[in-house]
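Read the structure below first, then the notes.
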Amino acid sequence: MSTKKSWNWSLWIGFLFVLAGFLSYTFFAQFPATRDFPWVNFLLFGLSGILLLAGLVRAFGKPQLYHGKIFGPILAVLSVLVFSSFSYLIFYELRQVPASTGAPRVGQKAPEFTLPDQNDKQASLADLLASPASSASAATANGVLLIFYRGFW
């Protein structure tokens, strides 16, 4: 008498978590808590590893009850490749950004520039320094705060 084999869902869900961990980096890089170190992505990778391991144990430990002896190792190898690629990008490639030796230092006078603002209007450093500090005041601004964002997000 043969029993019907059950689908080994932990293999497939584990692989989906690997894909989610890889593809969600650009989303989580928007937030300061996850920008410097992608702990949420590694949490997803860890959860996927647990699910994949459980699925492989089911597939090879109880092959008469569960599917997955063929797809299990394939999904596990693909998952390891995705995780390795992610780790390589995070810990090696993104750390290869060149030093900002030409950027002005704190307190140093910035060179004259003209750039588009958030409304695509041209804004120059001279215009910002000559404009009133606020709408209620006639005094001009004493300084301008420049923030430089370096990165790949």
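Descriptive notes on the structure:
- In segment 83-109, the residues that are closer than 30 Å to Leu19 by Cβ reach residues that are of a type in the set (Lys, Arg) and part of a loop (DSSP other than H, G, I, E, B) with C-beta atoms within less than 7 angstrom, at least six apart or across chains, in these pairs: Val97/Arg150.
- You will find that of Leu56, Leu47, Leu19, the residue that is out of contact with any Lys or Arg (no Cβ under 7 Å at 6 or more places or on another chain) and within 17 Å of Ser85 (Cα to Cα) is Leu19 and no other.
- When segment 92-116 is filtered for residues that are open to solvent by less than 70 Å² (accessible area, probe 1.4 Å) and within 26 Å of the chain's Cα centre (by Cα), the ones remaining, listed by number, are Leu94, Val97, Ser100, Ala103.
- For Thr114, the requirement of being at pLDDT 85 or above, among the β-branched types (Val, Ile, Thr) and out of contact with any His (no Cβ under 6 Å at 6 or more places or on another chain) is met.
- Scanning segment 87-125 for residues that are hydroxyl-bearing (Ser, Thr, Tyr) and either assigned to a strand (DSSP E or B) or farther than 24 Å from Ala29 by Cα (or both) yields a count of 3.
- The condition (being of a type outside the set (A, V, I, L, M, F, W, C) and in contact with a strand residue (DSSP E or B) (Cβ under 9 Å, 6 or more places away or on another chain)) is satisfied by just one residue among Gly61, Gly49, Gly55: Gly55.
- Filtered by the rule that a residue be in a loop (DSSP other than H, G, I, E, B) and either open to solvent by less than 70 Å² (accessible area, probe 1.4 Å) or modelled with pLDDT of 65 or more (or both), segment 139-153 gives Ala139, Ala141, Asn142, Gly143, Val144, Leu145, Leu146, Ile147, Phe148, Tyr149, Gly151.
- Residue list for segment 1-26, filter: in a loop (DSSP other than H, G, I, E, B), closer than 15 Å to Gly68 by Cβ and in contact with a Leu (Cβ under 8 Å, 6 or more places away or on another chain): Lys5
- Residue count, segment 59-86 (criterion: surrounded by fewer than 13 Cβ atoms within 10 Å (Cβ to Cβ) and part of a helix (DSSP H, G or I)): 6
- Residue tally, condition in contact with a helix residue (DSSP H, G or I) (Cβ under 6 Å, 6 or more places away or on another chain), within 23 Å of Lys4 (Cβ to Cβ) and aliphatic (A, V, I, L, M), over segment 68-89: 1
- Taking segment 28-58 as the range and being surrounded by 13 or more Cβ atoms within 10 Å (Cβ to Cβ) and either of a type in the set (D, E, K, R) or assigned to a loop (DSSP other than H, G, I, E, B) (or both) as the test, the residues that pass are Ala29, Pro38, Arg58.
- Among the residues making up segment 28-47, those that are of a type in the set (S, T, N, Q) and modelled with pLDDT under 95 are Gln30, Thr34.
- Of everything listed in (1) assigned to a helix (DSSP H, G or I); (2) of a type in the set (A, V, I, L, M, F, W, C); (3) touching a residue at least 40 places away in the same chain (Cβ under 8 Å); (4) closer than 30 Å to Asn142 by Cβ, the single unmet condition for Leu128 is (3).
The values are calculated or read from the model by the stated rules, or taken from the named source; none is laboratory data. The structure presented is a predicted model; accordingly, all values stated were derived computationally and were not measured. No Cβ is skipped: glycine too gets one built from the backbone with ideal geometry, and neighbour counts run over all protein chains shown. Protein only, heavy atoms only, side chains kept; ligands, DNA and RNA dropped before computing areas. Shrake-Rupley method; radii C 1.70, N 1.55, O 1.52, S 1.80 Å.
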